[in-house]
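The values are calculated or read from the model by the stated rules, or taken from the named source; none is laboratory data. For clarity, every value in this text was computed on a predicted model and none was experimentally measured. Cβ: placed from backbone, ideal geometry, glycine included. Neighbour counts: every protein chain shown. Just so you know, the surface numbers come from the protein's heavy atoms only, side chains and all, with ligands and any DNA or RNA stripped out. Shrake-Rupley method; radii C 1.70, N 1.55, O 1.52, S 1.80 Å.
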Amino acid sequence: MTLPVDTLTPEAVAPFGWLLGKPYPEAANAVAFTNAATDFRREHLFHPGEGGEVEVLWVSYRNADPTVDTLERHLLTQQAVVPLVGGIVQILATSLPDGTPDLDCLRAFSVPPGMGICMKPEVWHATRSTGSTCLMLTRPTTTVDLIGHMAHGRTPTETELHDVPGIRLASAPV
C-alpha cells in the first residue's frame, strides 16, 4: 500500500485528534491576547487520562525509512507532538472495534516546525523524519511503560504495538 503524505489541516486531522499551531483566533470569546509585542492563545486543553499527570518529553526522530511496518497506540492518554527543529511525517489510524488499526482510514501528514498534532487516546501512529527535535506531551507512566518494553522486553500495559503489512510513504520523510 502506498500512502500519500497530506497537508495538515484541522479537518483532515479531526478523526485522530487536534491540529496545533492554528492561526490566531478571531472569536471574541477566545482565550487569547495580542499586541505589538506578543500573541498567545489557547490551542488545546491536554488530557493525560484518568489519574494521569502531564509530562513534557524532548524527542529526537531519525527514522527516515519510508516503509511503515509497526504502529503504536497509547491506551490512556492523549499525545501531542510538535516539531521544533526539522519537520516530521506523522502516520495515523483510528482503531477498529477490536482495537486493531483501521488501515482504511490510514493517513500521513507533513508536520512542519511550529505546528503539531495532539492525538486522541487509542489512535495508532508512527513517525518518520530525516532528523527532527520535537516537544511531546504525554504521561510519565506511559513513557516508563514504553521504555520498559523497548529496553527490557516487558509487556506494556499503557501502550500497544501492532505489526502492519508493508505501508510505504509516497514521498520521502522531511
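Using beta carbons and a limit of 7 Å, which pairs, at least six apart or on different chains, have the first residue in region 125-142 and under 14 Å from residue 172 (Cβ atoms) and open to solvent by 20 Å² or more (accessible area, probe 1.4 Å) and the second one basic (Lys, Arg) and outside any strand (DSSP E or B)?
Close Cβ pairs (under 7 Å, with a partner that is basic (Lys, Arg) and outside any strand (DSSP E or B)) amount to 131/62.
Please state which one of 68, 164 is assigned to a strand (DSSP E or B), among the aliphatic types (A, V, I, L, M) and open to solvent by 10 Å² or more (accessible area, probe 1.4 Å). Spell out how you get there, then give the answer.
Details: 68 fails: open to solvent by 10 Å² or more (accessible area, probe 1.4 Å).
Within the list 68, 164, the selection yields 164.
Search region 21-43 for residues that are surrounded by 10 or more Cβ atoms within 10 Å (Cβ to Cβ) and pair each with any residue that is among the polar types (S, T, N, Q) when their beta-carbon atoms are under 9 Å apart and the residues are at least 6 apart or on different chains.
Taking only residues 6 or more apart or on different chains, the pairs are 24/34; 40/34; 41/34.
Looking only at region 10-27, how many residues end up being in contact with a Leu (Cβ under 7 Å, 6 or more places away or on another chain) and part of a loop (DSSP other than H, G, I, E, B)?
Quick first cut of region 10-27, residues in contact with a Leu (Cβ under 7 Å, 6 or more places away or on another chain) only: 10, 13, 16, 19.
Narrowing the set further to residues that are part of a loop (DSSP other than H, G, I, E, B) leaves 16.
Within region 10-27, residues that are in contact with a Leu (Cβ under 7 Å, 6 or more places away or on another chain) and part of a loop (DSSP other than H, G, I, E, B) number 1.
What number of residues within region 79-111 satisfy the criterion of being in a loop (DSSP other than H, G, I, E, B) and without any contact (Cβ under 8 Å) to a residue 40 or more places away in the chain?
Within region 79-111, the subset in a loop (DSSP other than H, G, I, E, B) is 86-87, 94, 96-100, 102, 106.
Checking which are without any contact (Cβ under 8 Å) to a residue 40 or more places away in the chain leaves us with 96-98, 102.
The total comes to 4.
Just give me the residues in region 32-65 being in contact with a Ser or Thr (Cβ under 9 Å, 6 or more places away or on another chain) and in a strand (DSSP E or B), in sequence order.
Within region 32-65, 40, 41, 55, 56, 57, 58, 59, 60, 61 qualify.
Of all the residues that make up region 40-65, how many are within 17 Å of the chain's Cα centre (by Cα) and not aliphatic (A, V, I, L, M)?
12
Go over the candidates 155, 133, 142, 127 one by one and state the one that is in a helix (DSSP H, G or I), hydroxyl-bearing (Ser, Thr, Tyr) and at negative phi.
142
Quick one: is residue 95 modelled with pLDDT of 95 or more, hydroxyl-bearing (Ser, Thr, Tyr), surrounded by 14 or more Cβ atoms within 10 Å (Cβ to Cβ) and in contact with a strand residue (DSSP E or B) (Cβ under 8 Å, 6 or more places away or on another chain)?
Judged against the criteria, residue 95 is a match.
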